[in-house]
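Asks: Here's a structure for you.
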Amino acid sequence: MDQHKAMTADTFNQNLRTQLDTFLDDHRQMLNASLEGLTEEEARRSLVPSRTTLLGLVKHAIFVERVWFDEAINCRTRAEIGIPATPDESFILDDGDTIAGIRQAHREACEASRLAAAPLGLDDLVMGNRRGPLPLRWVYLHMLRELAQHCGHADILREQILSTRA
């Protein structure tokens, strides 16, 4: 049985919060793993007209974690957190951005998100989102949608990159 089937079987009879946590962590891990085995050049390779690159996708995922779990739950501003003002800016790669650095920063952002959400129930309201008060359940569902979309992008970009290897 592969890891995904085992994860699904293990969580099938768990409560909703455990299921959401498990699926969210699974998507986080899949996106982070999209950078495994790539060169720095491959991870930065631009294959679409937008700013989307594999390294940029994972950097954007750091931004998303911080927006939804630090800004929304902890009510800290983006300036206080030290993240860009807009999602589009979060894809911009700095010269110092590396696969190892971005992957580690992503793991740290995910852990901080888990800690921020841990004391809350799914129906508890988070107050720091620009839309106004939202239940944690909505944050989880939004994050799953966002990460699933970006995992799909990453799969396609990675496939394109690996197909160009000799």
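Asks: Determine which member of the set L147, L134, L115 is of a type in the set (A, V, I, L, M, F, W, C) and over 24 Å from Q29 (Cβ atoms).
Replies: Sole residue among the options that is of a type in the set (A, V, I, L, M, F, W, C) and over 24 Å from Q29 (Cβ atoms): L134.
Asks: Test V58 against the criterion of being at pLDDT 95 or above and touching an Asp or Glu at 6+ places or on another chain (Cβ under 6 Å), and give yes or no.
Replies: no
Asks: Looking only at the stretch 150-160, decide whether some residue is under 16 Å from V48 (Cβ atoms), more than 20 Å from the chain's Cα centre (by Cα) and either at pLDDT 95 or above or charged (D, E, K, R) (or both).
Replies: Looking for residues that are under 16 Å from V48 (Cβ atoms), more than 20 Å from the chain's Cα centre (by Cα) and either at pLDDT 95 or above or charged (D, E, K, R) (or both), one finds at least one in the stretch 150-160, hence yes.
Asks: Quick one: in the stretch 49-77, which of the residues that are surrounded by fewer than 19 Cβ atoms within 10 Å (Cβ to Cβ) and without any contact (Cβ under 8 Å) to a residue 40 or more places away in the chain is nearest to L115 (Cα to Cα)?
Replies: So the residue we want is T77.
Asks: Let me ask you something else. Looking at the stretch 78-123 only, could you name the residues that are touching a helix residue (DSSP H, G or I) at 6+ places or on another chain (Cβ under 7 Å), surrounded by 12 or more Cβ atoms within 10 Å (Cβ to Cβ) and without any contact (Cβ under 8 Å) to a residue 24 or more places away in the chain?
Replies: R78, I81, I83, P84
Asks: Identify the single condition in (1) in contact with a helix residue (DSSP H, G or I) (Cβ under 6 Å, 6 or more places away or on another chain); (2) farther than 26 Å from S46 by Cβ that W138 does not satisfy, given that it satisfies every other one.
Replies: Every condition holds for W138 apart from (1).
Asks: Specify which of the listed residues (R137, R130, R165) is more than 16 Å from the chain's Cα centre (by Cα) and either surrounded by 13 or more Cβ atoms within 10 Å (Cβ to Cβ) or assigned to a helix (DSSP H, G or I) (or both).
Replies: Details: R130 fails: either surrounded by 13 or more Cβ atoms within 10 Å (Cβ to Cβ) or assigned to a helix (DSSP H, G or I) (or both); R165 fails: either surrounded by 13 or more Cβ atoms within 10 Å (Cβ to Cβ) or assigned to a helix (DSSP H, G or I) (or both).
When all the criteria are applied, what remains is R137.
The values are calculated or read from the model by the stated rules, or taken from the named source; none is laboratory data. Predicted, not measured: the structure shown is a model, and the values here were computed from it. A quick note on method: Cβ atoms are made from the backbone with ideal geometry, for glycine too, and the neighbour counts reach across all protein chains shown.
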